[in-house]
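What follows is one structure encoded as structure tokens, with my remarks underneath.
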Amino acid sequence: MSGRPEMFEGVDEIWLDGEFVDFEDAQIHVLTHALHYGTGVFEGVRCYETEEGPAIFRWEEHLDRFFDSGAVYDIDIPFSKAELTEATEELIRREGLQSCYIRPIAFYGYGPLGLNPGKSPVQVALAVWPWGAYLGDEALEEGVDVAVSSWRKYASSQIPTNAKTTGTYVNSVLASQEAKANGYEEAIVLNKEGNVAEGPGENIFLVRDGEIYTTGLAESILDGITRQTAIELAEDMGYVVHDDATISRGELYTADELFFTGTAAEVTPIRSVDDNEIGAGTKGPVTDDIQTAFFEMLASGDREEWFRYV
Ligand code: PPE
């Protein structure tokens, strides 16, 4: 296929419905239910290069969330967790990757249309590709300039926010497009109540007087696995972490430090919000501590329970 996106250039195969198929053959029908109604669930996982070879980071937690997301929509994934694990590891080996991003997706496939997906078959795919720093290498060092979006995060009373559903990402797409159109690198989305929820693809942390705050699960956020990782690493270092915080827009402006967490974004500092410089306008000391601990943990693999070696 000519014009293949650069990020997929080296990808040879994709696992689709139980088989390894050539990249070009990983196709689905235009009448796929999920294309029309967004009835799919997905994950984003990273595999890191370690001294003992490639290791998938917190695979079990991602797999659990994948199945939980599916359960919300009665998406009955027709493969066991063991089968998906085996397929993912095999795919990484076949692609010969030392580190990569992993994208599992399960969705209502080609069947009758109409809102109730009842008779549509569930299809599952796994893809892997190299993916560097989500917001750029410089972002990890210097931080990103972000803007509070005019789009609100959908409330968990409207669509479950703890499920990672394909369709609902239009909310993130809108916020992200708006931020970029206005010259910012990323957005922060407020929830229906007007408090801080998260980024379009990241959770958010605030540092004030040496203590760490992150928005609570009741604030219509995704229960991020990197969020949980950052909380644990920070607590291990002796920081007080408030993981159930309600954060107002104004508190963003007066924070000592802010940073994003996410599988793709890892630990990315935020250097300004709506053109207000945060702290010294670069990566702050607490953010640096957490980010350093995060990358050291990934390089050393010393939290064994978090790694699955391929
Ligand atoms: N909130 C949202 C809305 C979100 O999409 C993500 C992950 C997170 C929080 C962080 O969750 P976790 O990865 O478990 O720490 N966003 C994924 C998709 C990014 C994309 O652009 O695609 C990701 O980071 O893989």
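Worth pointing out:
- First in segment 104-116 and more than 29 Å from residue 20 (Cβ to Cβ) and in contact (Cβ under 8 Å) with a residue 60 or more places away in the chain, second anywhere and among the hydrophobic types (A, V, I, L, M, F, W, C) and open to solvent by 50 Å² or more (accessible area, probe 1.4 Å), Cβ under 8 Å, 6 or more apart: 113/31
- Tabulated pairs, segment 74-101, first under 18 Å from residue 60 (Cβ atoms), second open to solvent by 50 Å² or more (accessible area, probe 1.4 Å) and at pLDDT below 95, C-beta under 6 angstrom, 6+ apart or interchain: 101/131
- Inter-residue pairs, beta-carbon under 7 Å, first in contact (Cβ under 8 Å) with a residue 40 or more places away in the chain and in segment 166-186, second of a type in the set (A, V, I, L, M, F, W, C) and open to solvent by 30 Å² or more (accessible area, probe 1.4 Å), 6+ apart: 168/159; 185/135; 186/135
- Segment 236-253 - residue that is under 16 Å from residue 293 (Cβ atoms) and over 22 Å from the mean Cα position of the chain (by Cα) and, of those, most open to solvent (accessible area, probe 1.4 Å): 236
- Comparison of 167, 183 shows that the only residue that is touching a Phe, Trp or Tyr at 6+ places or on another chain (Cβ under 7 Å) and of a type in the set (Gly, Ala, Ser) is 167.
- Selection within segment 51-63 - open to solvent by 70 Å² or more (accessible area, probe 1.4 Å) and either modelled with pLDDT of 95 or more or within 15 Å of the ligand (Cβ to nearest atom) (or both): 60
- Filter result for residue 101 (open to solvent by less than 30 Å² (accessible area, probe 1.4 Å) and closer than 23 Å to residue 260 by Cβ): yes
- Residue among 87, 127, 133 that alone is surrounded by 16 or more Cβ atoms within 10 Å (Cβ to Cβ), within 16 Å of the ligand (Cβ to nearest atom) and of a type in the set (A, V, I, L, M): 127
- Qualifying positions in segment 225-269 - among the aromatic types (Phe, Trp, Tyr) and within 15 Å of the ligand (Cβ to nearest atom): 259, 260
- Residue under evaluation residue 220, criteria (1) surrounded by fewer than 18 Cβ atoms within 10 Å (Cβ to Cβ); (2) touching a residue at least 60 places away in the same chain (Cβ under 8 Å), criterion not met: (1)
- Qualifying residue in segment 186-198 (condition: among the polar types (S, T, N, Q) and open to solvent by 10 Å² or more (accessible area, probe 1.4 Å)): yes
- Residues within segment 1-50 that are of a type in the set (Gly, Ala, Ser) and at pLDDT 95 or above, tallied: 6
- Matching residues, segment 187-199, being assigned to a loop (DSSP other than H, G, I, E, B), in contact (Cβ under 8 Å) with a residue 40 or more places away in the chain and not polar (S, T, N, Q): 192, 194, 199
- Residue ID - surrounded by the fewest Cβ atoms within 10 Å (Cβ to Cβ), chosen from residues in segment 254-296 that are of a type in the set (D, E, K, R) and part of a helix (DSSP H, G or I): 296
The values are calculated or read from the model by the stated rules, or taken from the named source; none is laboratory data. Note that the structure is predicted; figures quoted are calculated from it, not measured. In this analysis, Cβ positions are derived from the backbone assuming ideal geometry, glycine residues included, and neighbour counts consider all displayed protein chains. The area values use the complete protein model at the heavy-atom level, side chains included, leaving out ligands, DNA and RNA. Shrake-Rupley method; radii C 1.70, N 1.55, O 1.52, S 1.80 Å.
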